[in-house]
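Taking it in order: structure first as structure tokens, then the write-up.
The values are calculated or read from the model by the stated rules, or taken from the named source; none is laboratory data. It should be emphasised that the depicted structure is a prediction, and the values quoted were computed from it without experimental measurement. Positions of Cβ are backbone-derived with ideal geometry, glycine not excepted, and every protein chain shown enters the neighbour counts. Side chains are part of the model used for accessible areas, which takes the heavy atoms of the whole protein and leaves out ligands, DNA and RNA. Shrake-Rupley method; radii C 1.70, N 1.55, O 1.52, S 1.80 Å.
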Amino acid sequence: MNTVFALSIPMVGELQRRGWFPGWLALVLLLAAVVAVGWLYAHEAGRLSVPRRLMLATVRMLTVIVVAFLLLRPVVVQEKTNAKPRPIALLIDVSQSMNSADPRPTLPDQWRAAMAFGFIDPDKPFPNQPISSIVPNTKDLERPTRLTIATRMLRNEKLDLLNKLRAIGPLEIYTFGITREGHDPQTTEWLASLRADQPRTALVNSTLELLNRDDNELPTAIVLVTDGRDNASDRSFAELAAQCRIKGVPLHIYGVGSTAFGQLRLRETQVPETIFLDDGVAIPIRYAVRGITEGRVDITVLYGDPKGTRDVDYKVVAEKTNIPVQDGDDVRETLTFVPTLELTKLRKQDVTVEIKVTPAAAPGGIVLETLTDSLTKPTQIITKKLKVLMVDGLPRFDFRFLQRALLRDRRVEARFFLTEGDREAMKSGYPWLVEFTKQLGGTLSLDRNEFRKILYEFDLLILGDVPGKFFTPEQQQIIKEFVADGGGLLHIAGRWNAPRHWLEMGEGQPSIADVLPVELRPEKFALDPPGGRYFQPFVPVIAPHATRHPLVMLEDDPFDNADLWGRLTRVNPNDPVASPPPPPRPDRKKQLSPLEWYYPVVRLKPGAEVFLIHPTARTPQPDNKPMPLLAGHYFGKGYVLFCAFDDTWRWRYNEADKYFGRFWSQAVYQAGVPRMIGTKRTQLLLNTPEPIQGGSGQVYARLLDENFQPLSVEDFDATLERLDAAENDRDRTVRVKFRKLEGQNGEYIATLLFQRDGRYRLTVDAQNKSPATLEYRVSLPPNHELAPGGMAEADLRKLAEESSTEEYGGKFYREEDLHTLPETIVAQSAPTTRREEKLLWNAWIMGLLIGLLALEWFLRKFNGLS
């Protein structure tokens, strides 16, 4: 449109032009033409009278004006304003959660299903009698899916909901899951074949899309048919309600599903791999309960095979009953029991934790569904005491406190010796090892057989800052043989003697350093370091793959344990990813007191595992990895643990032996127990305690060959079996590839994809004649489409209420009051404007032009002009 002028004419409209010809040029030509016509007729031959001249000039000027008018192509524009009803938007949830077949233990829930199937009228109250009194066959009504109930209510001829909504305004029907899709509002046949197959629910996002319209195109109301689960939206229910209030579009929500049941998930239980006879065992338990606010929880700990007969195949060793139910994702309890000799006679040595949640009875005495879950972990009872020999140079602080802890530990029978201690004290008898007082020039004066006999009486040898000359080369060779034969060795590095002196022994001489899991260099430390400190204070960091290892668990709760340790500082991209800080909690544990010294490590030996690392220090080039502070490996059949620090006594500040004692007792068991129960040549560890569907995890395998040397093959296959699958399911078993960690014989890793929920068993048989299995369970995320859970009634009611304004109110509905939905919706209309154009350059104007031209021709002929 090319409009230069717009003239408003009352009662007619607005005069506009549509021509391409410039308005100013038409006006100039018009004026020029009028002047020219006036001049021509003023100078016409004198035989015409003045009136005739004026008449002819007027006709010619009118003709010119009409031509100019046609060049502008004028129109009259009229605007007519009306009101139209706004549409009703109906959104139907077709996510996978709508396939849930809810239990319906309560009478109201049963009558809701009967109403959907047309057995009772939708506008009548529920009968106060069992459903079997009206419904001949109640089997179909026991567990219909949520979508079945919803579609049957929408198609219910007695309810006639869709036609009643159409009477309020144009009906728009959509289904939604992860995306929104429109459907034909004029028919309901497609409802019968509707499928709930969307993998996620974007309830908020799908509803907000309907509000992203021009104000005049907004719906009168949005009717939501849903169970309330939303796991794909990036905005909250509160934000949706706020937008609805701003736009004046209330939500009318039909909640589908039952709320008379809940969800239970046993998240984690920790069971030690070895437990001692007659010694108390604590079993920390974490579980989640959702949708149940009243009821009781019963927890039972079984020892043996829970599939067998009680008191024959298994025994109940602990139970806690009538615990008030708590609705939450992290509920914790701890049960304890004392292993007895009777338990060691059971065929299967497993600990099973069973948990049962019994909801409170519903109104009318209806008994709701009881929820159960269980986890099983392997363990082994040790029936004898662990014999420990600890040898140190001077009575360091760690020695003093560790000696007290070992003497108090009834699981341990310990003897001690100080190479630089008072000779008379060392000869005084228990707990000192008198035999080691036989010395010559500071060197232990025992022949091979004597030393071997003494050493082999113990399960674990703890060596501290022992002078290198104390053990002869032959005795050091016997220590190596002791470890290779299954004995444990724990070395606590010292600043003055060991391990430096062992590293300085002559070439070809047997050395205790040969059995350590790390490579070291001789390091000398000043007696009086500058500033009084050797290094900047630091708190050790748990190595990435050791986060769940019992050796570094100083608290039963994983989050509490993470609070205690340090945080890794990444120096280069090859470093392990720094673990995120634990979530903020009001009862967060205080970090361990910093340490101030450690013995530097050059690198790990092949097959060694690291438990603690330095937060910033690195091993020398070319290794250049986080500095190991606590590492271990198998040397033959025995396990060797190297501790690079000696000031854990600082952890006793304000905590006494809580962390100090637990750390060292776990280190003692880690190194000493293999001699008592035999060395496992195949060990498996999953890096996550709670696999969740959609995620992934890593399995670490530590393998020794028949000679207890680290396995050297580059890779091997294992079998992963889904225990819940049918026997003929072709995906029941899959192959898993383990690959050797670079430069580390005996250490392998495999990645597991947690694609489906259920129970799994990983079986490893790496041709080392020591197969092993690892069982784990993959759980659904709490808000997953297929995770058990009732309708989110409370959230949906709140959403409907908060979407309301004073003029337009939202509401939440169940099947029994769905008939009130149409009359609750307040109709709204939107103004519409329609523009109409009337052409003024039509046939009448053309006729006028032709008439004027004909009239002028006639007049000129009549007056004798050419």
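Axis of helix 107-116 versus longest Cα principal axis of the chain: the two differ by about 40°, to the nearest ten degrees.
The residues of the chain expose, per residue, 47 Å² of accessible area to a 1.4 Å probe.
Starting from the Cα of PHE559, step 7 Å along the direction of its Cβ; do the same at GLU142; then give the gap between the two resulting points in nm. So the two model labels end up 4.0 nm from each other. Of the residues THR437, ALA260, ALA32, the one whose Cα sits farthest towards the positive end of the charge dipole of the chain is ALA32 (charges of +1 on Lys and Arg Cβ, -1 on Asp and Glu Cβ, taken about the Cα centre). Of the chymotrypsin sites (Phe, Trp or Tyr not before Pro) found in segment 743-822, no site is in coil according to DSSP while having at most 13 other Cβ atoms within 10 Å of its Cβ.
Charging the Cβ of each Asp and Glu at -1 and of each Lys and Arg at +1, and nothing else, the dipole of segment 370-526 about its Cα centre rounds to 520 debye. Within the full protein context, the accessible area of VAL76 is estimated at about 10 Å² for a probe radius of 1.4 Å. Simple rule: put +1 on each Lys or Arg Cβ and -1 on each Asp or Glu Cβ in the chain, find the dipole, and look at ALA830, ILE149, PRO136; the Cα lying farthest toward the positive end is ALA830.
Packing around the peptides 292-298, 260-266, taken as the average count of other Cβ atoms within 10 Å per residue, puts them in this order, highest first: 260-266, 292-298. Say each of ARG730 and LEU685 gets a label point 7 Å from the Cα, pointing the same way as Cα to Cβ; how far apart are those two points in nm? Using points 7 Å along Cα→Cβ, the separation is 3.9 nm.
By accessible area, using a 1.4 Å probe on protein heavy atoms only, segment 80-139 has 52% of its surface on carbon and sulfur.
Taking every protein chain into account, the 1.4 Å probe leaves MET61 with about 50 Å² of accessible area, to the nearest ten. Dipole size of the chain about its Cα centre, with +1 on Lys/Arg Cβ and -1 on Asp/Glu Cβ: approximately 2220 debye, rounded to the nearest 20.
Shown is the FRET efficiency for GLN129 and LYS158, computed with R0 = 25 Å from the Cβ-Cβ distance and rounded to the nearest 0.05: 0.75. Restricting attention to the chain, close to 70% of DSSP beta bridges with both partner residues there are antiparallel. Only one residue of ALA405, PHE416, LEU368 has its Cα farthest out toward the positive end of the dipole of segment 357-429, where Lys and Arg carry +1 and Asp and Glu -1 on Cβ, and that residue is PHE416.
Heavy-atom accessible area, probed at 1.4 angstrom with all protein chains present, ranks HIS819, HIS549 as HIS819, HIS549, highest first. Residues whose amide H comes within less than 5 Å of that of LEU612, counting only those at least five positions distant or on another chain, are ALA543, LEU629, LEU630 (H built at 1.01 Å from N in the peptide plane). Taking Cα atoms, how many degrees apart are the long axis of helix 793-802 and the longest axis of the chain, rounded to 10 and kept between 0 and 90? Computed tilt is about 40 degrees.
Does anyone have the angle between helix 397-408 and the longest principal axis of the chain? Alpha-carbon axes, 0 to 90°, nearest 10? Around 80 degrees separate the two axes. Taking the square roots of five times each eigenvalue of the Cα gyration tensor of the chain, the equivalent ellipsoid has semi-axes of 88, 40, 22 Å, listed largest first.
Per DSSP H run of at least 4 residues, take -39500 (n - 2.57); add these up for the chain, divide by its residues and hand me the 222 nm value, nearest 500 deg cm²/dmol. Numbers along the way, then the final one.
On the way: 17 runs with 191 residues, N = 866.
Computed ellipticity for the chain at 222 nm equals -6500 deg cm²/dmol.
Annotation for segment 371-397 versus segment 422-472: alpha-carbon center distance of 25 Å. Straight Cα distances below 28 angstrom link LYS658 to the lysines LYS320, LYS377, LYS384, LYS385, LYS387, LYS589, LYS590, with same-chain residues fewer than 8 positions distant left out. Subtracting the Cα-Cα distance of LEU27 and GLU655 from 0.36 nm times their residue separation leaves 215.9 nm of extension gain. Lys-Lys pairs in segment 409-558 that are eight or more residues apart or on separate chains and whose Cα atoms lie under 23 Å of each other come to 10. Check cross-link reach from LYS737 to the aspartates and glutamates: straight Cα distance under 13 Å, and skip same-chain residues fewer than eight apart. The qualifying aspartates and glutamates are GLU714, ASP715, ASP717, ASP765.
Separation of segment 701-717 and segment 158-209, taken as the distance between their Cα centroids, equals 59 angstrom.
Share of carbon and sulfur in the accessible area of segment 204-280 stands at 40%, probe radius 1.4 Å. Estimated at 0.36 nm per residue, the fully extended path between ASN783 and ASP313 surpasses their Cα-Cα distance by 165.4 nm. Distance between the C-alpha centres of segment 61-138 and segment 719-760: 50 Å, rounded to the whole angstrom.
Calculate how many DSSP beta bridges within segment 355-484 are antiparallel, expressed in % of all such bridges and rounded to the nearest 5. So the antiparallel bridges in segment 355-484 amount to around 35 percent. The trypsin sites (Lys or Arg not before Pro) found in segment 468-532 that occupy coil by DSSP, while having at most 10 further C-beta atoms within 10 Å, are LYS524.
State the percentage of accessible surface on segment 708-866 attributable to carbon and sulfur atoms; use a 1.4 Å probe and exclude ligands, DNA and RNA. Can you show the working numbers first?
Details: 4820 of 9230 Å².
Reported share for carbon and sulfur atoms: 52 percent.
For PHE416, nonlocal amide neighbours, meaning residues 5 or more places apart or on other chains whose placed amide H falls under 5 Å from its own, are MET390, TRP432, LEU433.
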